[in-house]
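**Q** Quick one: structure below, then a few questions.
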Amino acid sequence: MAISSAVCNSFKQEILVGTHNFTASSGNSFKVAMYTSSASLGAGTTAYSATNEISNASGSAYTAGGKALTSVTPVLDGSTAVCDFADISFTSASFTANGCLIYNDTQSDKAVCVVAFGGDKTVSSGTFTIQFPAAAASTAIVRIA
């Protein structure tokens, strides 16, 4: 099993048919779910699944399905459309995560992208923060060039 960073293939097609709306105040709701190293996630992931998701049994401060993200309305950076989310934190947390899935909670939990953490990341009675990169053509978490 492995987690590989990728924009999900199904998301690429769904963008062209208007499935996802990232507009901050009136768009869809997006969530981030975190997974153990036993998960198999990557470009072929099509939707959120609880299989190998971290759980309360393996730590604290985490609820199945993950946490809601605060979206920033997409903009153009040159000729690249970029999307950003506010950083997200889990406080008083104790768990180990190997990667995460960003998914559309409004649209049947359809997958957007997978982020591999590059190995297990562990927090013990502390704060686990996911810091999203700047919304720029070469760094945004979701970008279409």
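**Q** How much accessible surface area, in Å² rounded to 10, belongs to the heavy atoms of residue 76 with a 1.4 Å probe?
**A** Taking all protein chains as shown, residue 76 has close to 130 Å².
**Q** Enumerate the lysines that residue 121 could reach by cross-link, defined here as Cα to Cα under 20 Å, with residues fewer than 8 away along the same chain left out.
**A** 31, 67
**Q** Using the heavy atoms of the protein chains and a 1.4 angstrom probe, tell me the accessible area per residue for the chain in square angstrom.
**A** Each residue of the chain exposes 48 Å² on average to a 1.4 Å probe.
**Q** Here's another thing I want to ask about it. With both partners inside the chain, how many of the DSSP beta bridges are antiparallel, as a percent to the nearest 5?
**A** So the antiparallel bridges in the chain amount to around 95 percent.
**Q** If you put +1 on each Lys and Arg Cβ and -1 on each Asp and Glu Cβ, how big is the dipole of the chain around its Cα centre, in Debye rounded to 20?
**A** 60
**Q** Relative contact order (percent) for the stretch 14-67, with alpha-carbon contacts under 8 angstrom and 6 or more residues of separation?
**A** 33
**Q** In addition: Please turn the phi angles of the stretch 118-132 into ³J(HN,Hα) values with the Karplus equation 6.51 cos²θ - 1.76 cosθ + 1.60 (θ = phi - 60°), one per residue in order, whole Hz, x for glycine and proline.
**A** Whole-Hz 3J(HN,Hα) from phi for the stretch 118-132: x, x, 5, 10, 10, 10, 10, 6, x, 10, 9, 10, 9, 9, 7.
**Q** For residue 129, what accessible surface area do you get with a 1.4 Å probe? Give it in Å², rounded to 10.
**A** Rounded to the nearest 10, that gives 60 Å².
**Q** Over all directions, the average projected area of the alpha-carbon convex hull for the chain comes to how many nm²?
**A** With the hull built on Cα positions only, its mean projection is 8.0 nm².
**Q** With a cut-off of 8 Å between alpha carbons and a minimum separation of six or more residues, what is the relative contact order of the stretch 1-143 in percent?
**A** Details: 355 pairs, mean separation 43.1, N = 143.
After rounding, I find 30 percent.
**Q** Can you give me the solvent accessible area of residue 35 with a 1.4 Å probe, rounded to the nearest 10 Å²?
**A** 0
**Q** What are the ³J(HN,Hα) values, in whole Hz, obtained from phi via the Karplus relation 6.51 cos²θ - 1.76 cosθ + 1.60 with θ = phi - 60°, for each residue of the stretch 87-95 in sequence order, with x given for Gly and Pro?
**A** 4, 10, 10, 10, 9, 6, 9, 9, 6
**Q** Between residue 24 and residue 108, what is 0.36 nm times their sequence separation minus the Cα-Cα distance? Round to one decimal in nm.
**A** Gain on extension, residue 24 to residue 108, equals 28.3 nm.
**Q** Could I ask something else about it? Using alpha carbons only, how many angstrom separate the centre of the stretch 64-143 from the centre of the stretch 21-55?
**A** If you average the Cα positions of each part, the centres end up 9 Å apart.
The values are calculated or read from the model by the stated rules, or taken from the named source; none is laboratory data. Here the structure is a predicted model, which means the values were calculated and not measured. So basically every Cβ, Gly included, is an ideal-geometry build from the backbone, and we count neighbours across all protein chains shown. The protein model used for the area step is the full one, side chains on, heavy atoms only, and it has no ligands, DNA or RNA in it. Shrake-Rupley method; radii C 1.70, N 1.55, O 1.52, S 1.80 Å.
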